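Encoded as structure tokens, the structure appears first; notes follow it.
The values are calculated or read from the model by the stated rules, or taken from the named source; none is laboratory data. Here the structure is a predicted model, which means the values were calculated and not measured. FYI the Cβ positions are ideal-geometry reconstructions off the backbone, even for glycines, and counts take in every protein chain you see. We work out accessible area using only protein heavy atoms, side chains counted, and drop any ligands, DNA or RNA first. Shrake-Rupley method; radii C 1.70, N 1.55, O 1.52, S 1.80 Å.
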Amino acid sequence: MQIYDVVIIGGGIIGSAIAYFLKASPHFQGDVVVIERDPSYAKASTPRSLGGVRQQFSIRENIEIGLFGVDFVKRASQYLSVDNEPIELGWRELGYLFLASPEGQRILAENQQLQSQCGAKIEILNPENLKIKFPWLNTDGIALGSFGYEGEGWLDPSLLLGAFRAKARALGATFLYDEVTEIVKHKQKISSVILDSGVQVGCSFLVNAAGAWAGAVAELAKIQLPVVPKKRIIYGLDCREELNPKLPLVIDSSGVFIRSEGTGFVCGVSPPAHLDPDSWDDMEIDYPLFDDIIWPAIAHRIPAFEAVKVTNAWAGWYDYNTLDQNGVIGPHGEIDNFLFANGFSGHGLQQSPAIGRAIMELITFGEYRTIDLSRFSHERIIRGLALTERNVV
Ligand SMILES: Cc1cc2nc3c(=O)[nH]c(=O)nc-3n(C[C@H](O)[C@H](O)[C@H](O)COP(=O)(O)OP(=O)(O)OC[C@H]3O[C@@H](n4cnc5c(N)ncnc54)[C@H](O)[C@@H]3O)c2cc1C
């Protein structure tokens, strides 16, 4: 049986980032294998993501994670270059603009204060200033906006995934294409995993980085993890009118979001609960969701969108934590060589650098050395203590 120091289940952005940070650390000397069942990533969340990076969160740790995320993205060539080739991630730093109704303005202002304390470049704009800065915006019903004027934007998720994988490989990580079908436990330790091919792989540490399938993977070790796939649909749009300045990622007070994408736009919404079942196989595009909820909201907020054409659409799965839509990070309380990096629910792409580093620290030093993520532990799941993030998109 081949034995690795660290076995990572899932080679999406999270598994690949963890492999990279382990192999890049001068303090970690072990072997790492990433086991990925589908090298085409046909159903994985990562390539279907919008690649958004922001600091506009309400939980301090999420803000700090976002700050490290953007720093990492901006210095990607320094971290991820192989053979001195520059790293191009398609980074567009156009900001996020959160809009609040009168009911939401207090929370928006509180969030901005915390974000600024942490060092994020977020400004508060009243309706008059919003109109000056973004003349295409209808500020009816808007009491306040918060805008990330530096450090927020989006990148191409497949480019970041490719760069993490290539660098992790160049540093000696192994990528194995197979499916983990069994997890073998001896007393309170994971000893190995068994693959679909019948191969058994031993490990000192096992990391669950299985994205939307993380709950099913945890179940292989008889552990409950409330992470399920939730379908999210992105609609691509063309609009005849040119908007100046270019659209940042605008999150309307209704929850509908829209941003620039090349010469067009992309938009979406988290559907209301009764239209949001766990969705294991369903990748159908829901056009009534666009017609009934998204289009009326964007046409109201940005009147130029009264005349738009849907040019394309795709669906993907959020790796959705049903307790509180936040990451579950770190070891299981009793099986301490089984670590979770799951449940990011729509913000896993931007969190991948900080999560990769955090899991490296736990494995290498047995503790967090940079951002303390103890509040995201699996323990909170067992105790049912939600860590509520107020800025979920
Ligand atoms: C439409 C959409 C838009 C999004 N927009 C953003 C955004 O703007 N910003 C942001 O930060 N995040 C965004 N996200 C969320 C982000 O994409 C995810 O949080 C992130 O990609 C999760 O990465 P992952 O590596 O955990 O999962 P994945 O990319 O899904 O990778 C998990 C991998 O595990 C493999 N796997 C599963 N089970 C097994 C097994 N038993 N054996 C072997 N392999 C296995 C799968 O094949 C898969 O490739 C978005 C998601 C969607 C769907």
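Some points to look at:
- In sequence order, segment 196-206 has phi-based couplings of 3, 6, x, 5, 10, 10, x, 8, 8, 10, 10 Hz under the Karplus curve 6.51 cos²θ - 1.76 cosθ + 1.60, θ = phi - 60°, and Gly or Pro positions carry x.
- Length added when fully stretched, THR174-ARG60, from 0.36 nm per residue minus Cα-Cα: 37.6 nm
- Karplus-derived 3J(HN,Hα) values for segment 98-108, using 6.51 cos²θ - 1.76 cosθ + 1.60 with θ = phi - 60°, are 8, 10, 10, 6, x, 5, x, 5, 5, 5, 4 Hz; glycine and proline are entered as x.
- With R₀ fixed at 25 Å, the C-beta to C-beta distance from GLN113 to ARG375 puts the FRET efficiency at about 0.80.
- Seen from all directions on average, segment 50-158 presents a Cα convex hull projection of 7.6 nm².
- Inter-probe distance in nm under a simple model that places probes 7 Å from Cα toward Cβ, at LEU385 and LYS189: 2.9
- Ranking by accessible area, most exposed first, for LEU130, LEU171 with a 1.4 Å probe: LEU171, LEU130
- Annotation: amide H of GLY11 within the under-5 Å range of ARG37, sequence separation 5 or more or interchain, hydrogens built in the peptide plane.
- Stretching ILE285 away from ALA315 to a fully extended chain increases their span by 10.1 nm, per 0.36 nm per residue minus the current alpha-carbon distance.
- Checking the Cα-Cα distances for LYS167/LYS231; LYS231/LYS309; LYS23/LYS185 against a 24 Å cut-off, the pairs over it are LYS167/LYS231; LYS23/LYS185.
- Among ASP286, ASP196, the sequence by solvent-accessible area, most first, with a 1.4 Å probe is ASP196, ASP286.
- Computed E for SER204/ASP278 - FRET, C-beta separation, R0 35 angstrom, nearest 0.05: 0.60
- Cβ crowding within 10 Å averaged over residues, with 31-43, 224-236 ranked highest first: 224-236, 31-43
- Each peptide in 154-160, 108-114 receives the mean, over its residues, of other Cβ atoms within 10 Å, and ordering these scores from highest gives 154-160, 108-114.
- Computed lengthening from ASP83 to GLN224, 0.36 nm per intervening residue step minus Cα-Cα distance: 46.5 nm
- Degrees between helix 157-170 axis and first principal axis of the chain (Cα, 0 to 90, nearest 10): 30
- Residues of type lysines that LYS74 reaches as a straight line, Cα spacing below 16 Å, ignoring anything fewer than 8 places off in the same chain: LYS121
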